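The values are calculated or read from the model by the stated rules, or taken from the named source; none is laboratory data. All of these numbers come straight from a predicted model, not from anything done at the bench. Don't worry about glycine lacking a Cβ; one is built from the backbone with ideal geometry, like all the others, and counts go over all protein chains shown.
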Amino acid sequence: MNTLTTGKIKTIFDEEFENIFLGITIADFQKRGFSFGDSVTIVLEDGTTLKDIPFYSGYYSGVEELMLCGYPGDPYIKIARNCGNPTWYEFDVKDDTYAEVFLEEKGKYLEIQELFSLEYSDAIEDFDSLETYCNFRELKCGNIKPHYFYRSASPCDNWHHRGTPTDQLVKQYGIRCVLNLSNSEKKYASFLEKEDFNSPYYHSLYEKGDVLLLLLNVNYRSLDFKEKLAKGLLEMTQHEGPVLVHCAEGKDRTGFVCATIMSLAGAHAQDIIADYMKTYDCYYQITETSAPKKYEAILDNIHDFLYSMCEKEPTTPLEDLDLQTSAIQYLKQGGLNSEEVSQILNYIQNNT
């Protein structure tokens, strides 16, 4: 095995996604000689060896495949699966145990890293509107109520300097209920303590109990995801709209939940896919014509969600997917009965 190693580093619980943080920052990991696109081997304290794992700057592995991720904004590098089960429980890790990372092969996965690697500007002047900057838009597919469902980046997490301007849009569009997919009470409280927190309208909704904190993972196959989503959508029906759906950046968790809502409203697969991909146009200017390889790679994410929800093989033509029936069944798998699902359908659909 290559002699390049981190030495023993502490394992830390990732509260948001329940993965394994390794107690070294991305910058410090790179100073040790590791680079995005490298192949690494990770040895946990109990002897478990994760051999030939890619080190990426995002969730670029195949669905449910393992990786070492240095996601911008995270405090440490982490062991995770792309849309897979939490690694903390998978490998039965405990706080303050140790792991060691070794270089397996330099640049083995560099081609994939470069294909998927995405960075976007945080300067508002680089975008054509405030809505584009905040990835803020209305859901319009199917028989969904008009001017009632919206999606965006986080109005409370100011990580990409979008919290305050998104809060302005939340107020402007009269949002009255929020499905916050990425935060717990503890995480939201941490935003309030930051000097740059300036989202007064959002916080007023929170204080009135109109911000529903779901803390979803990204594994839409898991029972935990289905149960939290089903419970959140049912609770949503007890609040007046318009409704905003958001996670941290408004990309994947938001995209999958909005796809579920639009499926319940009878939307066509291509309309749902177009809405999902619009985020990557807003943030990165990635379209089918501007960056076809990146576009096709990202497209796999929403395709996999739809096929997974419908429990169909990816060879099935999209037009043959019964999205509405499958979304209803998906919520029932999350613990809802027919009456509760009907309650959600009546809330979502335009029946006038």
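Restricted to the range 302-328, and to residues there that are free of Cβ contacts under 8 Å to residues at least 12 places away in the same chain and not in a loop (DSSP other than H, G, I, E, B), the residue that is nearest to Gln270 (Cα to Cα) is Asp320. Within the range 55-80, the set of residues being farther than 23 Å from Asp157 by Cα and at pLDDT 95 or above comprises Phe55, Tyr56, Leu66, Met67, Leu68, Ile79. Cβ-Cβ distances below 7 Å connect the following pairs, each with a first residue in the range 286-299 that is at pLDDT below 90, a second residue that is assigned to a helix (DSSP H, G or I), and a separation of six or more residues or different chains: Ala297/Leu115; Ala297/Phe116. Taken over the range 120-150, the criterion of being without any contact (Cβ under 8 Å) to a residue 12 or more places away in the chain and either of a type in the set (Asp, Glu) or under 26 Å from Gly70 (Cα atoms) (or both) is satisfied by Ser121, Ala123, Glu125, Asp126, Asp128.
Consider Asp46 carefully, then state whether it is surrounded by fewer than 15 Cβ atoms within 10 Å (Cβ to Cβ), modelled with pLDDT of 95 or more and farther than 30 Å from Lys228 by Cα.
Working: surrounded by fewer than 15 Cβ atoms within 10 Å (Cβ to Cβ): yes; modelled with pLDDT of 95 or more: no; farther than 30 Å from Lys228 by Cα: yes.
Criteria not met by Asp46.
Just a yes or no: is a residue in the range 184-198 in contact with a helix residue (DSSP H, G or I) (Cβ under 8 Å, 6 or more places away or on another chain), buried (at least 22 other Cβ atoms within 10 Å of the Cβ) and not aliphatic (A, V, I, L, M)? No, the range 184-198 has no match at all.
Can you name the residue in the range 206-244 that is small (Gly, Ala, Ser) and more than 18 Å from the chain's Cα centre (by Cα) and, of all such residues, is surrounded by the fewest Cβ atoms within 10 Å (Cβ to Cβ)? Spell out the reasoning first.
At the first step, the residues of the range 206-244 found to be small (Gly, Ala, Ser) are 209, 222, 230, 232, 241.
Checking the rest, the ones that are also more than 18 Å from the chain's Cα centre (by Cα) come to 209, 241.
Details: Gly209: 10, Gly241: 18.
So, considering only residues that are small (Gly, Ala, Ser) and more than 18 Å from the chain's Cα centre (by Cα), the one surrounded by the fewest Cβ atoms within 10 Å (Cβ to Cβ) is Gly209.
Taking the conditions (1) part of a loop (DSSP other than H, G, I, E, B); (2) within 16 Å of Tyr206 (Cα to Cα) in turn, His147 satisfies each one other than (2). Exactly one residue out of Ile175, Ile79 is in contact with a Leu (Cβ under 8 Å, 6 or more places away or on another chain), in a loop (DSSP other than H, G, I, E, B) and hydrophobic (A, V, I, L, M, F, W, C), and it is Ile175.
Those residues that are under 13 Å from Met309 (Cβ atoms) and under 17 Å from the mean Cα position of the chain (by Cα), I need them from the range 254-272; list them, please. Selection gives Gly255, Phe256, Val257, Cys258, Ala259, Thr260, Ile261, Ile272.
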